[in-house]
1. With the other protein chains left in place, how much accessible area per residue, in square angstrom, belongs to the chain at a 1.4 angstrom probe?
2. List the residues, sorted by chain then number, that are 5 or more residues from residue 107 or on another chain and whose placed amide H is less than 5 Å from its amide H.
3. Using every Cα-Cα pair within the chain, state what percent have a distance larger than 19 Å.
4. GNM on the chain, C-alpha springs below 10 Å: top fluctuator among 123, 103, 75?
5. Once you charge only the Cβ atoms, +1 for Lys and Arg and -1 for Asp and Glu, what is the size of the charge dipole of the stretch 19-156 about its Cα centre, to the nearest 20 debye?
6. Taking all protein chains as present, what is the carbon and sulfur share of the accessible area of the chain, in % to the nearest whole number, probe 1.4 Å?
7. Measuring from label point to label point, each 7 Å out along Cα→Cβ, what is the residue 129 to residue 26 span in nm?
8. Considering only the other residues whose Cβ falls under 13 Å of the Cβ of residue 106, what net charge follows from Lys and Arg at +1 and Asp and Glu at -1?
Amino acid sequence: MAGKTSKTQMTLTTKTVAKPTAAEPTLLSGGNPQIAKGYGEAPVQAYIAAMPGWKSDVGRRLDALITRTVPNVYKAVKWNSPFYGIEGEGWFLGVHCFTKYVKVAFFRGASLQPLPPGHSKQKEVRYLDIREDDEIDEAQLAAWVEQASRLPGERM
């Protein structure tokens, strides 16, 4: 068998090469970063840094807007998505990457004025989908974030 490679050796080589390094989180379907569950600033910033392409800029802008609007915001990454809430009160907002957009979920969005545009199967939840070339109405988004932060949060 001189000069030949066994199937087992080829499989092991392929698997070894395909694994990302520790600095490179795995991207799940739709390009959503796989980030370990964690509370605080560090896991959220790791998620934002791992968002692919233009989505990372959207993530930074969203995080900055939320932090400016709700200075005492509590942050976490759960289920491979950043969550924002009030400590001890629950979560009011989540962010998730999809192939062509970043989804902002307002967990009590049906109580916001005006209503965010995206419907949900869940009665209380409303969404805002941000695509690559979308102009973000930061004043409206900040108003929704501020309103959402005053509503009862979700316990997750």
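The values are calculated or read from the model by the stated rules, or taken from the named source; none is laboratory data. Predicted model, so just to flag it, every value in this text is computed and none were measured. We place every Cβ from the backbone using ideal geometry, glycine too, and count neighbours over all the protein chains shown. Keep in mind that these areas ignore ligands, DNA and RNA; they rest on the heavy atoms of the full protein, side chains included. Shrake-Rupley method; radii C 1.70, N 1.55, O 1.52, S 1.80 Å.
1. Details: 9260 Å² over 156 residues.
Each residue of the chain exposes 59 Å² on average to a 1.4 Å probe.
2. Under 5 Å from the amide H of residue 107: 93, 94.
3. On the way: 6833 of 12090 pairs.
So the portion of pairs separated by more than 19 Å is 57 percent.
4. Evaluated over the chain, the most mobile residue of the options is 123.
5. Details: 17 positive and 16 negative charges, 102 e Å.
With Lys and Arg at +1 and Asp and Glu at -1, about 480 debye.
6. Numbers: 5060 of 9260 Å².
That share works out to 55 percent.
7. 2.7 nm
8. Numbers: positive: 103, 108, 123, 126, 150; negative: 124, 129, 146, 154.
Cβ neighbours under 13 Å give a net charge of +1.
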